[in-house]
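Below is one structure, written out as structure tokens; comments come after it.
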Amino acid sequence: MKNKRFNLLLIAVVTLVAAWSLWPTWRDYSLSQHLNSLKSAPDSLRYALSNRDEIENARKKSLKLGLDLKGGMHLVMEVDQVDLFEQKAWNKDAKFAEILKTVRTKASQSDAKVLDILSGEFKNQNIRLSRYFYDIRNSDQEIVKKLEKESEDALNRAKEIIRNRIDQYGVAEPVITTQGSRKLIIELPGVSDENRVRNLLKGTAKLEFRLLRDPEILVRTLDRINTYLVQNSVPPPIAPVAVASPSPSVLSQLKAPVPAAVPAPVPAGQASARPLYDVIGVFQNGTAYTTERSKDYVISLLRRSDIQALLPLDTELLLAAKPEIGKNGEKLFPIYLVKKTPELTGGVITEAKATFGSQGVQPEVLMAMNSEGTSKWARITGANIGKRIAIVLDNAVYSAPVVQSKIPSGNSVINGIESLEEAKDLEIVLKAGALPAPVRIIEERSVGPSLGADYIRAGVLSLGWAFLAVSVFMLVYYKKAGIAADIALVLNIVIVLSVLAGFNASLSLPGIAGIVLTIGMAVDANVLIYERIREELDGGKVLKSAIEVGYDRAFSSILDSHVTTLCAAFLLYTYGIGPIQGFALTLMIGTAASLFTSIVVTKEIFSFLLGRNLMTQKSFG
Amino acid sequence: MRIFHKTSFDFIRFRKIAYGFSLVLLASGLISLAVKGLNYGIDFRGGSEVLIRFEKNIDVSTVRSVLDVAGVSGSLKQYGLDRSFLFSTVFNGETNDLKSLVSHALNDRLKDNHHEIVRIDAVGPSIASDLKWSAVKALIASLLAILLYVGFRFELKFATAGVVAIFHDILTVLGLFSILGGLFDFMPLEMDQSIIAAFLTIAGYSITDTVVVYDRIRERIRGQKPADYERIFNESMNQTLSRTIITSGTVLLSVLVLFIFAGPAIRGFAFAVFVGILIGTYSSIFVAAPLVYDWLKLSKSPVHLRGGKVS
């Protein structure tokens with residue numbers, strides 16, 4: 001008797017807790033229904049304002065929908081640790097570059113820790129890490145430990161910076177977590193402009209102020225590269241089709257030093273006499289350009305180490321971030337020869353603001369520097385009056401203004417920006433600071449809101465039909481006892497949803513699939529019990545003891561079968577990623593809950609019915 | 001209502017035929033796996049996929065030629081039959097470029113049929129190999145856990161036969177995926193994470209079914225002579241037959257609902273679970289229990305089972 005009262009109490013408590021946990025979801029739903037029903041905008045605004053607390057509260061505690069149902073982006077980004085280690089190294093030489101190259105290819109192919117690959121590679125070459133890292137007196141282990149700390153820090157810093165950027169951009173409830181030693185998992189629900197978000201996230205935001213070399217040096221350098229390409233006339237191995245010569249319209253604007261008017265299109269495989277000038281044009285004033293079509297080829301050319309070796313010491317050829325429009329509407333990307341060592345970096349920037357420039361049409365970003373930066377900036381501008389300083393962001397030149405006078409205020413401007421939106425994004429990344437190392441998107445899953453709505457519809461439809469089919473079947477097959485099973489089933493679904501809501505887990509489409517599957521499986525325990533009761537009734541037992549024995553005997557089967565299902569679901573949850581975890585989670589909760597609902601709850605229903613003489617032998621069909 | 005009331009099928013007598021049937025099933029699946037292989041989805045293959053939905057009906061070849069002309073390389077397939085197409089290509093971290101390439105091409109040439117890019121998935125090669133590994137680990141770990149649990153609750157012979165039955169079920173479904181992969185537009189049957197979830201669900205269900213039969217055998221076999229084992233096995237299976245069929249029925253019902261209503265993203269999963277449960281039900285009667293029977297007969301000593309009712 002005591003046991004029975006305990007069971008009733010337990011059922012009451014579970015039901016109440018479940019209802020309490022789902023209440024905000026219901027409120028959230030009814031409040032937003034009400035908001036939608038208000039016709040005029042001022043009405044709904046007034047309603048939203050007067051019930052603001054309740055709306056916010058309900059929303060915060062309501063059942064969350066997964067990214068696939070709500071629409072949004074799931075991104076996995078990887079911090080480029082090879083780049084990070086390269087930054088940390090000093091007196092780098094050709095050998096170091098070679099080792100790093102092997103490390104990079106190996107790291108991209110395997111999932112092993114980059115640091116292990118790096119130290120392994122050094123060991124293979126019999127070179128001590130201390131030759132390039134930290135102090136010469138450090139042992140390899142010490143350096144590995146330091147580098148490990150370094151990469152951990154880098155990952156956490158990257159996480160913070162990316163969180164900053166996302167917060168400033170404004171995404172509701174972003175989730176950013178780290179995974180392993182180099183991965184960031186970013187979940188952004190309800191993002192509408194995915195392109196913008198991607199750009200915002202992946203840029204390193206490394207801002208540099210670099211001195212431009214004189215135009216004559218640029219021209220001479222390009223000549224040298226051209227001569228080199230002629231001598232080593234292997235090119236173009238890289239897609240000769242893409243390396244279209246600049247169209248005549250472009251070349252007509254170009255004067256010396258491009259005498260050979262229009263180079264005839266070079267047949268593939270046959271080397272041109274002027275390979276570089278097929279893709280790069282030089283104006284008389286000494287500025288160099290490439291066209292949009294040849295841009296990719298030029299970039300790959302400039303990355304080649306043999307080409308880089310031809311540049312003057314401590315210089316680099318960089319392309320502009322944005323094209324200039326030529327006379328005939330052709331997009332031309334200026335090429336700059338800049339010093340490799342920056343005069344000043346973005347670390348000194350304290351404030352950034354996107355505005356429109358002096359003419360009020362060209363968007364630009366104003367930046368202010370800290371005191372250290374200000375004094376440096378004053379010295380640099382003072383010493384280089386009349387020269388050009390390039391403003392470089394992530395290795396692309398935004399502008400290269402001529403220094404008119406010394407700038408004592410610590411102000412600078414980025415222009416050459418296409419839209420105000422882009423200027424705003426620059427503002428965000430500059431304020432959030434530069435990432436310690438480049439990041440790459442290595443996995444992305446984004447679902448648009450319209451597909452999400454489809455998924456919700458499909459999920460609700462499946463839930464409804466599955467419940468209807470199974471519960472009607474139970475009623476038909478087991479008659480009155482079927483009612484108990486169906487009540488247990490309803491409670492089961494409510495428990496699954498309330499656990500999800502209570503623990504702030506989100507419901508995804510695979511999660512709904514898990515619930516649908518649970519509907520089919522949860523009645524298993526009832527089927528086992530009922531079949532057993534039928535057997536006992538056939539064996540001549542009276543109803544009451546048949547029920548007792550049925551529950552008793554069926555229990556070990558139910559326990560074994562549920563534990564095995566739970567095992568499989570738990571392992572799926574442990575090893576699964578993203579959407580699959582949602583499925584495993586609902587299946588797990590559902591299976592565990594069905595142990596309670598289909599044994600305890602149905603038994604109480606029967607004992608209630610038995611107590612009122614509402615059950616007969618026929619009640620089990 | 002009662003469907004399987006007081007049956008007396010002689011399952012043990014027909015077990016040899018069932019073994020033969022299972023072997024044919026497994027062999028054809030394995031041959032197809034060896035010859036044709038599996039159709040991997042982007043989870044395990046790596047790559048980028050763009051799901052495009054049009055406003056009006058359009059032929060897949062029209063869209064394909066438009067993308068071809070625009071120089072966007074990749075393959076295009078009908079997706080789920082509702083004016084949607086799945087464009088898949090090699091992995092490219094620059095999803096922006098891929099997206100603008102596709103939508104520019106379609107906007108330029110198919111102006112009067114508006115399209116929307118409703119989903120983008122991009123999985124890098126390192127992630128793909130990660131996912132593959134976790135899938136393998138999850139499968140192995142769950143089989144081990146089941147082996148341990150059933151071994152602990154019953155006996156090693158029962159546990160082993162149960163795990164053999166799980167292998168039988170999963171391999172059959174895998175074989176079917178290989179044989180039918182890529183044959184249907186509405187159901188590509190690609191191996192991805194959801195199929196691994198399906199396998200684990202099948203494993204869980206198959207052992208559940210088997211355990212119920214085992215449980216009844218355990219209840220009845222205690223203190224019996226090995227000579228009576230055949231009768232006991234048959235009776236136990238017949239007594240649990242009704243339950244086995246009914247629960248399989250309710251699960252099949254709900255999986256069928258998923259297959260019909262839950263959309264193309266879930267369809268492959270629903271198909272795998274549906275077939276897996278059919279096979280799992282069959283194998284618990286015709287593979288798992290008969291294997292235990294044969295094994296017990298060979299070992300000739302009475303079986304000592306743990307657990308169960310001690311009242």
Per-residue ³J(HN,Hα) for the stretch A:141-151, Karplus 6.51 cos²θ - 1.76 cosθ + 1.60, θ = phi - 60°, Hz, x for Gly and Pro: 4, 4, 5, 4, 4, 5, 5, 4, 4, 4, 6
Partners for A:K145 among lysines (Cα-Cα distance below 27 Å; same-chain residues under 8 apart left out): A:K88, A:K92, A:K95, A:K101, A:K106, A:K113, A:K123, A:K159, A:K183, A:K206
Folded to 0 to 90 degrees: helix A:2-37 orientation relative to chain A principal axis, Cα: 50
Sequence-distant aspartates and glutamates (8 or more away, or on other chains) whose Cα lies within less than 14 Å of B:K300: B:D228, B:E230
Whole-Å distance, taken between Cα centres, linking the stretch A:123-177 and the stretch A:356-391: 31
Degrees, to the nearest 10: B:60-69 long Cα axis against longest axis of chain B: 50
Cα-based reach from B:K6 at 12 Å (exclusive), listing aspartates and glutamates while leaving out same-chain residues under 8 positions away: A:E531, A:E535, A:D538, B:E235
Ellipticity estimate at 222 nm from DSSP helix runs (n ≥ 4, -39,500 (n - 2.57)) divided over the protein assembly as shown, nearest 500: -19500 deg cm²/dmol
Gyration tensor verdict on the stretch B:81-122 (Cα atoms; rounded if a/c is under 1.5, prolate if a/b is larger than b/c, oblate otherwise): oblate
Angle in degrees between helix A:602-611 and the longest Cα principal axis of chain A, rounded to the nearest 10: 20
Label-point separation in nm, B:D112 to B:R83, each point 7 Å along Cα→Cβ: 1.5
Amide H partners (placed H, <5 Å) of A:A390, local residues excluded: A:R210, A:L211, A:L212
Separation between Cα centres of the stretch A:271-300 and the stretch B:178-219, rounded to whole Å: 59
Part-to-part distance (alpha-carbon centres) for the stretch A:11-56 and the stretch B:60-93, which is given in Å: 43
Among A:85-92, A:456-463, the order from most to least packed when residues are scored by Cβ within 10 Å on average: A:456-463, A:85-92
15 Å Cα cut-off, lysine pairs counted over the stretch A:450-620 (separation 8 or more, or different chains): 6
Whole-Hz ³J(HN,Hα) from phi, Karplus 6.51 cos²θ - 1.76 cosθ + 1.60, for the stretch B:231-244, glycine and proline x: 4, 5, 4, 4, 5, 4, 5, 5, 5, 8, 4, 4, 4, 4
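Read-outs throughout are calculated quantities, based only on the coordinates presented, and are distinct from any laboratory measurement. All values derive from a computational prediction rather than experimental measurement. Virtual Cβ from ideal backbone geometry, glycine too; neighbours counted across all protein chains shown.
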